[in-house]
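To start, the structure under review is shown below, and the notes come after it.
Values quoted throughout were computed directly from the atomic coordinates according to the rules given, and no laboratory measurement underlies them. Keep in mind that this is a model prediction, so the values were computed, not measured. Virtual Cβ from ideal backbone geometry, glycine too; neighbours counted across all protein chains shown.
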């Protein structure tokens, strides 16, 4: 790698991975105070590969010239440098992140044919096979997932799941995720289906819990879209308020059990407020069970 000086006006910004027109105010202050610690990276054609935000900051500060690293690599290696910069340095939205990971995997596996490949099968694994995969994952040190885990601090399983969401999701599913209609867990379920039927099943799971979506998708896998439709219609939807209440209820019961078991007492300044909230909770619980009992008797 060669280090030299270049005029900012001579640096070309052609890479699709470059993050331009972002907020660089904090970065500008840092550069003004301590200078440019990490030079930007260009290829032999003066095309910017890594450091778009630093380039933008220097331009806005009025710099005319800067130190650059010049790399002489083939096209795929240059693209991988840009992807790596995005993954490690710049916050991406979920779809951009997954796209970068999947493209990085494609390039890395092309350049390193002996490396362990990321499994892109969309089959639903049995508990036994999931355990085997976890054991293999522990021993994996040279796959794209493994080296990216070291760079980003994310786990290999998280990286693999993100890659599979980009590689296996249909365009309709990606669009739904981008609009906030699907979360990552729902997407992990629907991508076990082939892309050609994901769009048909998508409306059936968009407002469902992960557990419900799993049932619908399993039905689709075994009996097609019609079976998925029947399964969807058989599900009694759980109101949002109940969904939001499930996890806090578990925590409250767990903590109350510990307080009672260990006979923990508190006489501090917040005791009165805690007691007030507990009494209100008790009243609501009593009223809830009266409502439930009344509904049962009327059926």
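Side notes on the structure shown:
- Mean projected area (nm²) of the alpha-carbon convex hull when segment 173-299 is viewed from all directions: 12.2
- Helix axis angle, 210-234 relative to the chain longest principal axis, alpha carbon, degrees: 80
- Only alpha carbons enter this Debye calculation for the chain, each as an equal point scatterer, and the log10 of I(q)/I(0) it gives at q = 0.09, 0.14 Å⁻¹ is -0.71, -1.09.
- Between residue 246 and residue 196, the simple label model (points 7 Å from Cα in the Cβ direction) yields a spacing of 3.4 nm.
- Projected over every direction and averaged, the convex hull enclosing the alpha-carbon atoms of segment 98-234 yields 8.7 nm².
- Placing a label point 7 Å from the Cα of residue 138 along the Cα-to-Cβ direction, the residues of segment 159-174 whose backbone N falls under 19 Å from that point are 159-160.
- In plain terms, the chain from residue 264 to residue 222 could stretch by 9.9 nm, reckoned as 0.36 nm per residue minus the Cα-Cα distance.
- One compactness figure for segment 64-137 is 1.49, namely its Cα radius of gyration divided by 2.2 N^0.38 Å.
- The chain: calculated mean residue ellipticity at 222 nm from DSSP helix runs of at least 4, using -39500 (n - 2.57): -20500 deg cm²/dmol
- Whole-Å distance, taken between Cα centres, linking segment 90-152 and segment 70-89: 18
- Build a GNM of the chain with springs between Cα atoms under 10 Å apart, and of 244, 27, 168 the one that fluctuates most is 244.
- Value of relative contact order over the chain, rounded to a whole percent, pairs C-alpha under 8 Å and six or more apart: 11
- Among 166, 267, 74: highest mean-square fluctuation, GNM of the chain, C-alpha pairs under 10 Å: 267
- Cβ-derived FRET efficiency at R0 22 Å, residue 119 paired with residue 183, nearest 0.05: 0.45
- The alpha carbons of segment 2-73 stretch over 32, 24, 18 Å along the principal axes, in descending order.
- Sites residue 30 and residue 93 - FRET efficiency at Förster radius 25 Å, r taken between beta-carbons, to 0.05: 0.55
- Note on residue 46/residue 23: beta-carbon distance plugged into 1/(1 + (r/R0)^6) with R0 of 35 Å gives a FRET efficiency of 0.85.
- Here the extension length gained between residue 61 and residue 2 equals 18.7 nm, from 0.36 nm per residue of separation less the Cα-Cα distance.
- The chain: angle of helix 240-261 to the longest principal axis, Cα-based, in degrees nearest 10: 70
- Just checking the listed ones, 287, 129, 255: in the Gaussian network model of the chain with Cα springs under 10 Å, the one fluctuating most is 287.
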